[in-house]
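Have a look at the structure below before the remarks.
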Amino acid sequence: MPRFKQRTILETLLVIACISIIIYFMPRDTKFNYHFSINTPWTYGQLMSDFDFPIYKSDESIQAEQDSLYREFQPYFNIDSTISTNAIAQFQKDYDSRFYEIITPQQYNSYRQRLKNAYAKGIISIDNSEIIKSDSLTDIKIVTDDNIARTVNTKKLNTIKSVYRQLTYNDTLPRDVLMSLKLEEYIQPNIIYNKAKTELALEELKASVSISDGMVQKGQKIISRGDIVDEKLYKTLQSYQYEWNKRDNEKRQTGFTLLGQILLVTMALLGLIYFLRIYRPAYFAQSNKFILIYLLITLFTLTVAWMVRTHTGNVFMVPFAMVPILLCLFADSRTAFMTHVVQIFICSTMLQAPHIFILIEIAGGFAAIVSLRELTARSQLFRTVFFVLLSQAMVCFAYELISENDITKLNLSMYIYFLINGALLLSTYPLMFAIEKIFGFTSAVTFIELSNINNELLYKLSQDAPGTFQHSMQVGNLAAEAARRVGANSIEVRTGALYHDIGKMKNPIYFTENQSGGISPHNNLPPEESAAIILRHVTDGVSIANAHHLPDSIKDFITTHHGTSKTGYFYITYKNAHPDEEVDEKLFTYAGPRPQTREQAILMMADSVEAASHSLKEYTESNIHALVDKIIDAQLENGQFSLTPLTFKDIDTIKSTFKERLKAIYHTRISYPEEKKEAIKKKAEAETTEDNDTEA
């Protein structure tokens, strides 16, 4: 499979993975993102109700009302008249058959009447009497056979013991006679607990207790910033939170939230891809930048999702401006801003008040991009953090003045969050080095460190190949100025120039700038061997760069600074010596590749122009202009810059820069017109004749 297709598949899988991860961890509900407690000030902005909702009573209040009603509640009992009828009938039957010999008719009638009276009041069982005592009831409801309920005081109810005492009260019968009557057998409970009817009545009583204490209408103000959350407001806020979550659970069941998240995140990330395809197609060839962009979006989005899910901290503490800072350093400002907008857009969908979040974070990201184009010193990061915090604080302050219209109700906690945000932003500096190592980027700070001529490798170059070192310094100055004029990275190209010829350290004497006395070892070598030595300084340079762990961007300068050009001197020499022989051009051609960035192309031009400038016999303005035009036009015609984004306008600017710098280096004088030069010559001859006459 072609490498291009492989890279495209991997990038597609990366985007799909990012979308899937973000959607998976995004909260499916818009939780009530306010924290409050009783007798504390409300630290958020003015809160308005989005719907009608009741102000719920507390569980304790509802329980107290229910308990109050329960204390007056009368449980239901049924009275069973058949029990009394059967008991009295049995007593009469036993009297007729047995007791008439033991007791008199008057005594029988007395017992019978007492039984009737006891059953008429009601006899309750021991179990049911315990229920009444445990509930401390004073009255109960007794339902008669005709389904009429009457209230009866529990003290008037009879038990089996109390009825027995009533039957035997002031009794003159001997004890053995009384025992033989077995009166307790005619005493049966006729008051029976009606559990079903009682429980139904309890439910009706419980339902009669209102669970709310007033209503809040849609659009009604609930609380303003700075208000103290008293007991009433606390109940209102709790009710609002309960209704909010209940409504959100109902929404969540439909699945539309998930569908909306899929559509939104997909559109945002695909939109970013479309932007990169149009304006930054090179990033698709540099997968490390593409991966970094989507990794940063995913990490920061997951951070917000976690904070919203767990109610941890505040989203304004998250250093979102870190993304545009890092992308300004390792990509470009336009990509940094677009990526920042996309990540803020996605994160805002998880928040309850997205508008203020978008305003503040977009302002912070814009301030970061404007204040930081290249990070060359730690102080620049402090300055950027200051501008980020200032812009966020000013936007927040302006928004609060608009929404609250009262300066005394400013949310000071927001400004504390901004300070925490700034402290976390300072961690960008160490994080930058970690990203360099992981993704193979090279920051401006690293370039500056590498350009220190006192470091080990450059010091060795100055000792082993002093001419090459001086040449590299001059090339760096030329290239940096040209890069600055066309908007390229001047720090990168200067550093690349210092290292582009380090391969000459292995055979320094074979290169003109390191030779002295006009003696060249190439005089004793055939052209093809000399060409091999010259060509080898590129591969030797890469080998030295690997040994010293130089970044890939420096190695790219080493391999591209000659592109696929030829060692012209030895190539022509060989052709002249072998006119009838077909020349193998590979023996005299650099392996390349050709420059692929503006910086690499500028270095190639500067290297060739600086080296060729030493061959000029006279450093006049016209000679320098002709030299610069000849060399760069030849490279352009040879297709050395076809892979770079350089325009013809850029090349003209680069040419002009080289001409100006070379004139300043070689202190060129103005070329006089022919007439004046002839006049000066005659004047000089006349002065010489006059002097000779004087000496004579």
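Any read-out appearing in this document is the output of simple, stated calculations on the displayed coordinates, not a laboratory observation. Quick caveat, the model's predicted, so the values are computed rather than measured. Every residue, glycine among them, receives a Cβ derived from its backbone with ideal geometry; neighbour counts consider all protein chains shown.
Taking the Cα atoms of segment 444-674, what is the range of coordinates along each of the three principal axes, in descending order and whole Å?
56, 47, 37 Å, listed from the longest principal axis down.
Kindly state, to the nearest 0.05, the FRET efficiency for Thr539 paired with Thr408, given R0 = 60 Å and r defined as their beta-carbon distance.
For Thr539 and Thr408, the calculated efficiency is 0.25.
Give the long-range amide H neighbours of Ser212: residues separated by 5 or more places, or on another chain, with amide H under 5 Å away, using H modelled in the peptide plane at 1.01 Å from N.
It is Lys57, by chain and number.
Report the full-extension gain for the segment Thr43 to Phe439: residue separation times 0.36 nm, less the Cα-Cα distance, to one decimal in nm.
Result: 138.3 nm gained on full extension.
Just to be sure I understand the model, the point goes 7 Å from the Cα along the line to the Cβ. What's the resulting Ala634 to Ala196 distance in nm?
If labels sit at Ala634 and Ala196, their model points lie 11.3 nm apart.
In degrees between 0 and 90, to the nearest 10, how far off the longest principal axis of the chain does helix 674-695 point, with axes built from Cα atoms?
Roughly 50 degrees, rounded to the nearest 10.
What is the calculated FRET efficiency for Ser58 to Gln352, with r their C-beta to C-beta distance and R₀ = 41 Å, to the nearest 0.05?
0.95
If N is the number of residues in segment 141-185, what value comes out of its Cα radius of gyration divided by 2.2 N^0.38 Å?
Expressed relative to 2.2 N^0.38 Å, the Cα Rg reads 1.65.
Put a dot 7 Å past each Cα toward the Cβ at Asp580 and Ile262; how far apart are the dots in nm?
It works out to 7.9 nm between the two label points.
Taking the chain as the reference, fit the longest principal axis to its C-alpha atoms, fit the long axis of helix 428-439 to the helix C-alpha atoms, and give the angle between the two in degrees, 0 to 90, nearest 10.
70 degrees
Going by alpha carbons, how many degrees (0 to 90, nearest 10) lie between the helix axis of 333-348 and the longest principal axis of the chain?
Helix 333-348 and the main axis of the chain meet at about 0 degrees.
Looking at the chain, what % of its DSSP beta bridges pair antiparallel, to the nearest 5?
Counting only bridges with both partners in the chain, antiparallel ones make up about 75 percent.
On a full-extension model of 0.36 nm per residue, what is the gain between Thr376 and Ala612, subtracting their alpha-carbon distance, rounded to one decimal in nm?
81.7 nm
Starting from the amide H of Ile223, placed 1.01 Å from N in the peptide plane, find each other amide H under 5 Å away whose residue is 5 or more places distant or on another chain.
Here the answer is Leu47, since their amide H atoms fall under 5 Å of that of Ile223.
My understanding is that a pair violates if its Cα-Cα distance is over 24 Å; which of Lys116/Lys161; Lys617/Lys663; Lys617/Lys659; Lys506/Lys655; Lys116/Lys155 do that in this structure?
In this structure, Lys506/Lys655 lie more than 24 Å apart at Cα.
Report the Stokes-Einstein translational diffusion coefficient (µm² s⁻¹, integer) for segment 282-413, Rh taken as the Kirkwood radius over Cα pairs, at 37 °C with viscosity 0.692 mPa s.
It diffuses with D of about 210 µm²/s by this estimate.
Kindly state, to the nearest 0.05, the FRET efficiency for Ser97 paired with Thr138, given R0 = 51 Å and r defined as their beta-carbon distance.
0.70
Given the Cα-Cα distance of Ser125 and Ser427 and 0.36 nm per residue of separation, how much length would full extension add, in nm?
100.6 nm
Can you tell me the Rg and the Dmax, both Å, for the Cα atoms in segment 76-193?
Looking at segment 76-193, its Cα Rg and Dmax stand at 15.4, 47 Å.
Please report, to one decimal in angstroms, the Kirkwood hydrodynamic radius of the chain built from all distinct Cα-Cα pairs.
35.5 Å
Order of 420-427, 234-241 by packing, highest average Cβ count within 10 Å first?
234-241, 420-427
So what are the ³J(HN,Hα) numbers for segment 575-591, from phi and the Karplus equation (6.51, -1.76, 1.60; θ = phi - 60°), rounded to whole Hz, Gly and Pro as x?
Coupling constants for segment 575-591: 4, 5, 7, 10, x, 9, 10, 6, 8, 7, 5, 4, 5, 10, 10, 5, 6 Hz.
Equivalent-ellipsoid semi-axes (√(5λ), Cα gyration tensor) for segment 476-549, whole Å, largest first?
Ellipsoid semi-axes (Å, largest first): 29, 16, 10.
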